[in-house]
Each structure stands twice: as structure tokens, then as C-alpha cells.
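Before any comments, here is the structure.
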Amino acid sequence: MTQKLSALVNISQLVTCEESQGLGIIKEAAIIFNDDTGKIVDLGPEKNLQKKYNFPEIICHDVKNRPVLPGFIDPHTHFIFGGYRAEEYLARLEGSSYLEIMEAGGGIEKTVKDTRNSSLQQLYNQGWQRLNKFLQQGITTLEGKSGYGMELDTELKQLEVMRKLNKNHPIDIKQTFLGAHVIPKEYKNNRERYINILIKEILPVVAKRNDVIFCDVFCDQGVYTVSEAREILLAAQKLGLKSKIHVDEIAYVGGAELAAEIGAVSAEHLLKVSTKGIKLMKDEGVIPVILPITAFSLQEEYAPARKMRSVGLDIALATDLNPGSSYSQSIPLLLALATIKLKLSIEEAIKGITINAARALDLEDEIGSLAPGKKADLVVLDAPGYEHLIYHIATNIVHSVYKEGEIVKKKDKEIFGGRGNS
Ligand code: NIG
Ligand code: FE
């Protein structure tokens, strides 16, 4: 049976992200994919492929000498939430701290109330709009967390919204259960009771949903302790959920050490991580996910990215989109902060939103780089070279986006695979 093939041709630089050093760039390239499977079949210098394939039989999209990269991946978001917390952001500008606001009953608790009060359809509609904004910036896969319910029904509502969005929207959504986000205020004086409910009653129901992949805990000062996080994450692992952890954001608590101990896929935030924690993450293959927009928005010191690189850790980058600590879904801002503030090189920054972001989701065999067999998730830039991704500061230069070989975003015009209703 002959395969139905399509190709992007006339690519100035094909940024494959396949090399361990550098970005594996192929000049004057083409990339061929199978229309039925949505997977890459071949790639390389266009003149070599011209000899190997019968091009008149291939549907060719001329990208007019533009650079092409793997679809971008955001491996840490809380994009399903009700309401907003603008007043909290303004209070922080006046000098209040994130922890003070949280302890005064604002912060995550406020969003929990608003999310409990939102209908599934409201959350779906807002989620859909946020996904569109991500898609325009080249995001083809993202991770989304629950955690604004902290009671069974609302947690399931958030997960169900993500399931429906994943089905209808071109962006792939990988779900994380974050029932241990804060201690819900109903259990402030009886935290063991909530943890018990979480482990005995909520986790078993959530883990039966086969599109929930990870369990996450906010392990930090004022929220879950290391031993509570360990108990919750090990119980989730027994039910088949892989571990992710929010750690060492507000204060050093030994969270990176815990991530290494329990074999977490990733540890996130890490503003206050220890040298020992960094080394253990490297030894145990835990991917650090750095969220520089959060540090920027909270006016905190950035995570020690260079120190992580010096031991050879591969760094993933994410927006952390949420209504409190990082109400931003700007990939261009993320790249600007990664290079100017975290001091990552352009190669490290681009890998942070492609192959290393795929590693943070345990998806490096499917997405994050361009090679035969991987998904044809592609970003075309409206610029002469890929370096404009950071040189054109905090500006979106994405021209078009392909998801599994299908065009889903064209400059000034979006073409979506799914329908906007649920
Ligand atoms: O990653 N740190 C915990 N969770 C989120 C904040 C959520 C919120 O403030 O609503 C974060 O920053
Ligand atoms: Fe987060």
C-alpha cells in the first residue's frame, strides 16, 4: 500500500533538536511526513530528498525560506481555573508577599472557591481560549494540572474539562492530578484527615481515569511537608501515576532530594534548591522544570540554572500559567527571561521548550525533536533565522503551526481541527 505523503519544502534552517550538543540544524532542508499517521517519514537537505522520493506525488507546502522547529511544549501549567486574582497581583506590587496573601486566605484558596463555583462549560470555554493563545505561539503539547478543587467533584470537573479539550482542540493535553495543592481551609486544623481522604478516597477514583498520567504535590513551606508529599506520591505511584513535584519555591525544604529519592519524572520551581538536591536530581535522572515567569512575577531570585547545567542537568522551561503567581502564557517572555535572567544559551532555551520539555513529560520518544517516527508537530517562524526567537524580544514570531502534519494555525488566520463546543 502506498503512503500518502506531504512535505514542508524550502526550509532555510530545520532545527531538529536531535543532537546532544547544539540544535542539529540542517540548512536548505525539507521534511516529509505521512498524512495518515501524522508522523515524520524522512528529513534532510532538500536536494538529497529530491533524489530519494518522487516529489510530484508528494503534497508540498513551500515555507518560503523560513526556519522550522519542533512544536513547542509547555510542561507545567494550571490553565483550568475559575475567576482571577488581579487585586492580589496589585497587592504584591505594593509589597505583600505570596505567602502572606496565602496565609490571609487569598491566593490558591480564592481560586479554589471560584473554580468550585464555575460550571464545566465555563471552565471549558475559558480553557479553549487559553489553548488558542498557546497555539498561536507554537505550543502543540502542554501539561495541565487540576488542584483548584481539592474535593472529589471539582477535581474531577477540572480533569473532565481537560479530557474534552484534549479531544476537541489540536493541542495535546497531558493531565496531572494536583489534589495536594494546599491544605483546604475546611481541614486547616486536621490536615491528616484531608491527606487520608486524598489517598483513600480521591486518588483511587482519579487514577482509574486513564488520561491522568501524573500526580503532583506542592511541597514547600506553609503547604505540604516532605514526608506528606512522599506518602501521597508513593500512594499515587502504586496506582500507576508517575510523580511530579512543586518544590523549594518559597523556601528550601529538601524537595529536590525527595524527587530523586522517589524517582519523580520532574521537579519544578527549584528557586531555593540545594547543591545536594541538584546533584541527586542528576544522579537519578529527574528533569528540572524552571518557571522564570513566576520568579519574575513574584520578584524572587531566579532558579540556579547555570549551576544545574554545570552538573549536566537538562533543563525544561514552562510558563506555569495560573491566576496567582504567573498569570502569563507568553512563550516569547519565557524565552527572554531564560536567556537574560537564567543565562541559558539560545540552544539551551530552545531545548527547554522542545526536547527537554518532552523529557519532563516522559514523551521524548514521541515529540520534542524532529526525526523519523516522531510526530510531525512543526513550528514555522516568520523570520530569516531561528535566533530571532530570542533576538526579537518578547514578540511572537510564529508564522504557522502543524499538528501531526495538519496545519492548525496560519499567520493571521487559525484553522482548528476540532469544534469549539463540548
Ligand atoms: O506553580 N506553587 C504552587 N502552585 C502554583 C501557583 C498556583 C496559584 O497561585 O494559584 C505555582 O506557582
Ligand atoms: Fe505550578
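The values are calculated or read from the model by the stated rules, or taken from the named source; none is laboratory data. Keep in mind that this is a model prediction, so the values were computed, not measured. Backbone-built Cβ (ideal geometry, glycine too); neighbour counts: all protein chains shown. For the accessible areas, the whole protein counts, side chains as well, though only heavy atoms, and no ligand, DNA or RNA atoms are used. Shrake-Rupley method; radii C 1.70, N 1.55, O 1.52, S 1.80 Å.
Counting only protein heavy atoms and using a 1.4 Å probe, the accessible area of residue 253 comes to about 50 Å².
Net charge within 10 Å of residue 22 by Cβ-Cβ distance, Lys/Arg positive one each and Asp/Glu negative one each, not counting residue 22 itself? Write out the running numbers ahead of the final one.
Working: positive: 351; negative: 18, 19, 347.
Result for the local shell: -2.
Per residue, the chain exposes 40 Å² of accessible surface when a 1.4 Å probe is rolled over the protein heavy atoms with every protein chain present. Computed from point charges on the beta carbon alone (+1 for Lys and Arg, -1 for Asp and Glu), the dipole magnitude for segment 279-321 about its Cα centre is near 220 Debye. Here the accessible area is traced with a 1.4 Å probe on the protein chains. For the chain, carbon and sulfur cover 49 percent of it. Run the 1.4 Å probe and let me know the accessible area of residue 276, rounded to the nearest 10 Å². That residue has around 130 Å² of solvent-accessible surface.
By accessible area of protein heavy atoms, probe 1.4 Å, what ranking do 187, 252 get, highest first?
On the way: 187 55, 252 120 Å².
Result of the area sort, largest leading: 252, 187.
The DSSP beta bridges internal to the chain are antiparallel in roughly 45% of cases.
Taking a ≥ b ≥ c as the square roots of the eigenvalues of the Cα gyration tensor of segment 66-221, is the shape rounded (a/c under 1.5), prolate (a/b larger than b/c) or oblate? The shape class here is oblate. Straight-line reach from residue 200: taking Cα to Cα under 29 Å and skipping same-chain neighbours fewer than 8 places apart, the lysines in range are 110, 113, 145, 157, 164, 174, 185, 188, 208, 238, 242, 244.
Scattering from segment 179-314 was approximated by placing one identical point on each alpha carbon and applying the Debye formula without solvent; log10 I(q)/I(0) at 0.19, 0.21 1/Å stands at -1.06, -1.21.
Pull out a ≥ b ≥ c, the square roots of the eigenvalues of the alpha-carbon gyration tensor of segment 72-359, then state rounded if a/c is under 1.5, prolate if not and a/b is larger than b/c, and oblate in the remaining case. In terms of gyration-tensor shape, rounded. Averaging the Cα positions of each part gives two centres, and for segment 323-388 and segment 230-267 these lie 24 Å apart. From helices alone, the chain scores -9500 deg cm²/dmol at 222 nm; the rule is -39500 (n - 2.57) for each run of n ≥ 4 DSSP H residues, then divide by the residue total.
Spatially, segment 86-158 and segment 1-41 are offset by 37 Å when compared through their Cα centroids.
Heavy-atom accessible surface of residue 62, to the nearest 10 Å², is about 90 Å², with a 1.4 Å probe and all protein chains retained.
Treating the beta-carbon of each Lys and Arg as +1 and of each Asp and Glu as -1, no other charges, what is the dipole magnitude of the chain about its Cα centre, to the nearest 20 debye?
Numbers: 51 positive and 55 negative charges, 107 e Å.
Once rounded to the nearest 20, the dipole reads 520 debye.
In the neighborhood of residue 229, defined by Cβ-to-Cβ distances under 10 Å, what is the net charge if each Lys or Arg adds +1 and each Asp or Glu adds -1?
Numbers: positive: 230; negative: 216, 220, 228, 231.
Its environment carries a net charge of -3.
When segment 72-359 is described by a simple charge dipole with +1 on each Lys and Arg Cβ and -1 on each Asp and Glu Cβ, the residue from 141, 252, 207 located farthest towards its positive end is 141.
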